[in-house]
1. Tell me, yes or no, whether the range 276-283 has at least one residue that is part of a strand (DSSP E or B) and within 21 Å of residue 356 (Cα to Cα).
2. Out of curiosity, is residue 412 of a type outside the set (Val, Ile, Thr), touching a strand residue (DSSP E or B) at 6+ places or on another chain (Cβ under 8 Å) and either touching a residue at least 60 places away in the same chain (Cβ under 8 Å) or surrounded by 16 or more Cβ atoms within 10 Å (Cβ to Cβ) (or both)?
3. Just to be sure before I move on: is residue 254 in contact with a Lys or Arg (Cβ under 7 Å, 6 or more places away or on another chain), in contact (Cβ under 8 Å) with a residue 12 or more places away in the chain and closer than 24 Å to residue 331 by Cβ in the structure I sent?
4. Is it the case, given these coordinates, that residue 366 is touching a residue at least 12 places away in the same chain (Cβ under 8 Å) and not in a loop (DSSP other than H, G, I, E, B)?
5. Counting just the residues of the range 52-64 that are aliphatic (A, V, I, L, M) and under 17 Å from residue 30 (Cβ atoms), which one comes out surrounded by the fewest Cβ atoms within 10 Å (Cβ to Cβ)?
6. Give the residues of the range 40-65 that are of a type in the set (Gly, Ala, Ser) and more than 24 Å from residue 411 (Cα to Cα), sorted by residue number.
7. In this structure, is residue 149 within 25 Å of residue 195 (Cα to Cα), surrounded by fewer than 17 Cβ atoms within 10 Å (Cβ to Cβ) and within 16 Å of the chain's Cα centre (by Cα)?
8. Report yes if some residue within the range 333-342 is among the small types (Gly, Ala, Ser), surrounded by 15 or more Cβ atoms within 10 Å (Cβ to Cβ), touching a Gly at 6+ places or on another chain (Cβ under 9 Å) and in contact (Cβ under 8 Å) with a residue 24 or more places away in the chain; otherwise report no.
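The values are calculated or read from the model by the stated rules, or taken from the named source; none is laboratory data. Keep in mind that this is a model prediction, so the values were computed, not measured. Cβ sites come from the backbone with ideal geometry, for glycine too, and all protein chains shown count toward neighbours.
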Amino acid sequence: MKRCLAGLTLALILSAPAGAESTTVTPGLDLRLRWEDLAHDQWGQGGDHYLYERVMPSLSVKGDGFRLFTQLIGAGVTGMRADPGPPDRSGVDLLQASLAVDLVQAGPVTMSVSGGRELLGLGSERLVGRRFGANVPQPFDGGRLILSGQGWKAQALWERPVITGPDDFDDKPGQGRFLHGLYTTLQGQQGVMDAYLLATGQGTARYAQGRGRERRRTAGLRLAGKQGSWSWNWEAMAQWGHLADSSIRAWSLASETGYQFTDLPLTPRLLLRANIASGDGDPKDGRLGTFNPLYPRAKYFGELTPIGPRNIMNLHPGLELDLGHGFDLSLVSLFYWRENRHDGVYSVPGPLLRPADPAAGRYIGHQGELVLGWKREGLSVTASLSAFQPGSYLRRTGHDDTTTLVGVEIGWAL
């Protein structure tokens, strides 16, 4: 199977008419080293420090009416005392191998199809993201039918998430998992509007209420744009379906609003992010109210993201400064509460971190983060310092040490 997959990829590359004048072949390379020092993970575990290594060579072939993209990944981690998970290491694997073909063009409208293995980033990647901030991104196997015209795009998706294995060429589609749906985008002069309906499923899902086979539908609307000094990125999501014998009724609101002072030194930009994701109100009522963010981007709330967007309320003020010469600086504060006292706290991938204790209060804790970055001609360097101090809920339900993360990352892309 491994040899067949590698051979198929090579055959697709060699079969492209690279010698034709209308065809362009573009190689690419993405390199990344990231060192992290993590203390008191999940507010009580011991410290750990490790080095992530990642190399992703790619080849893009574009011609009249077709686009072929292939990308390999080699990702590992050195020095990690905890057991590395799928986002941490992958060995050598096929990350992407997709072919897009234009089928019909009628005036400004084009119908195309894209299939294979690829990274998917829908909208703000709050629900379907590439997980690019992790050491191993999240690919999908499947296909898309795409209609596009002037200022609009509609796509039908039929995908299965790929489960990353630790060895060479052992990634495979997750059993019982799928992602189907429709995603539409309207582009205007000052912004975009996305509307979508997604269907997802997994064989076994776990929540504070219980576990079982999950089938969930998500409908959403997103508005994002910029006018003058103001910028916005707002999204509303509703979910329904079933977890085993329980019905699902969940929702989430996510927002980012910014204002930039273009006439001031360092052109400061003020940001306020506010998010709320529903939790479950009664574990015995036969209805699950916990929101599921599906396959979101990595580092969802920042460089340090110990909890995910499930059963939370969040305020996230921040300041971004342009220091010049390719340098930028961001300072943020994050404050977290439980949306419902009868539900627990979850990580971004979904596991329950702390139990549903109604008497423990809502306040989860607060976090501060400082990120300094530099970019120049494909080279980037980032240094970050983050600290999460537990609130009353975490103090009542377990360990309550302050989690800290120091990170230094060097990346280069061709």
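1. Yes, because at least one residue in the range 276-283 is part of a strand (DSSP E or B) and within 21 Å of residue 356 (Cα to Cα).
2. Answer is yes for this residue.
3. So residue 254 passes the test.
4. yes
5. So the residue we want is 55.
6. 44, 46, 47, 63, 65
7. In short, no.
8. The answer is no; no qualifying residue exists.
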